[in-house]
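Undergrad: Take a look at this one; I'll ask things after.
The values are calculated or read from the model by the stated rules, or taken from the named source; none is laboratory data. Everything numeric here is computed off the predicted structure, so don't read it as measured data. Glycine gets a Cβ as well: all are built from the backbone with ideal geometry, and neighbour counts include every protein chain shown. Keep in mind that these areas ignore ligands, DNA and RNA; they rest on the heavy atoms of the full protein, side chains included. Shrake-Rupley method; radii C 1.70, N 1.55, O 1.52, S 1.80 Å.
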Amino acid sequence: AALPRGRRATYSQNGLSTGSDASAMINVPGFVGRTTEDSSVQYDLVGPGYVHAVGGRLLRGRDIGAEDRARSASVAVVNQSMERFYFGASSAIGRRIFFDAGVPTTIVGVVADMRQHSVSGPPERRAYAPYVQQISGNDPPFLAFELRTVGNPSAVMKSIPGVIGAVDPELPVASVMPL
């Protein structure tokens, strides 16, 4: 984010346009599904400030923050499709859900539906949880960085491998692409 033209930076398990995705079965107290699919949601493990860094619109509550650590209470931000599906007209803020690992997770924010990989079809029910709070019990396979810039991103893109290499020269950079 400190790069010239850089504004916000964060990271995620899946990245916005990688084609990679994660899903989990969830239990929502008080919700009775009609099919197994009703208990399935897409999710991404994300870094602090994710919603704002990717240009999302927070509708209620808060974004994932630096205070959301491995040993702190498990939290998530959900999209409005997930909120409507499981809670109807009620607010999801403060409600608890349980992902695969069985850890009680409190919903702290609701974000407007965002397209993750496709611009067509209805939005999927999606949750965003802190990367450090492994809600599914599986270790993430890789890490994607998201950087919000001002102006033409190509000037910033060229410097990203060098910035990452300065922190850890052994860390491979698979690709850098604009969204």
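Conditions tested, residue by residue: (1) touching an Asp or Glu at 6+ places or on another chain (Cβ under 9 Å); (2) not in a loop (DSSP other than H, G, I, E, B).
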residue: 69; (1), (2): no, no
residue: 76; (1), (2): no, yes
residue: 92; (1), (2): yes, no
residue: 115; (1), (2): no, no
residue: 129; (1), (2): yes, yes
residue: 132; (1), (2): yes, yes
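Undergrad: Could you check region 99-112 and list, in sequence order, the residues that are among the hydrophobic types (A, V, I, L, M, F, W, C) and open to solvent by 60 Å² or more (accessible area, probe 1.4 Å)?
TA: Within region 99-112, just 103 meets the criteria.
Undergrad: Do any residues in region 63-86 that are more than 11 Å from residue 126 (Cβ to Cβ) and without any contact (Cβ under 8 Å) to a residue 24 or more places away in the chain have Cβ atoms under 8 Å from those of residues that are assigned to a loop (DSSP other than H, G, I, E, B) and open to solvent by 20 Å² or more (accessible area, probe 1.4 Å), where the two are at least six apart or on different chains, and which pairs are they?
TA: Going by the 8 Å Cβ cut-off, the qualifying pairs are 65/48; 65/49; 66/48.
Undergrad: Looking at region 143-157, is at least one residue in a helix (DSSP H, G or I) and more than 21 Å from residue 49 (Cβ to Cβ)? Walk me through how you get there before you give the answer.
TA: In the first step, residues of region 143-157 are kept if they are in a helix (DSSP H, G or I); the result is 154-157.
Still in the list and also more than 21 Å from residue 49 (Cβ to Cβ): 154-155.
Yes, region 143-157 contains a residue that is in a helix (DSSP H, G or I) and more than 21 Å from residue 49 (Cβ to Cβ).
Undergrad: Condition first: part of a loop (DSSP other than H, G, I, E, B) and under 14 Å from residue 126 (Cα atoms). Now tell me which residues in region 41-56 satisfy that.
TA: To start, the set of residues in region 41-56 that are part of a loop (DSSP other than H, G, I, E, B) comprises 47-49, 54-56.
56, the sole residue that qualifies.
To keep it simple, each residue is scored yes or no on (1) closer than 21 Å to residue 26 by Cα; (2) open to solvent by 60 Å² or more (accessible area, probe 1.4 Å).
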| position | (1), (2) |
| --- | --- |
| 51 | no, no |
| 56 | no, no |
| 70 | yes, yes |
| 76 | yes, no |
| 87 | yes, no |
| 91 | yes, no |
| 97 | yes, no |
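Undergrad: Where residues in region 9-40 are touching a Ser or Thr at 6+ places or on another chain (Cβ under 9 Å), assigned to a strand (DSSP E or B) and not hydroxyl-bearing (Ser, Thr, Tyr), which of them is surrounded by the most Cβ atoms within 10 Å (Cβ to Cβ)?
TA: Out of the qualifying residues, it is 24.
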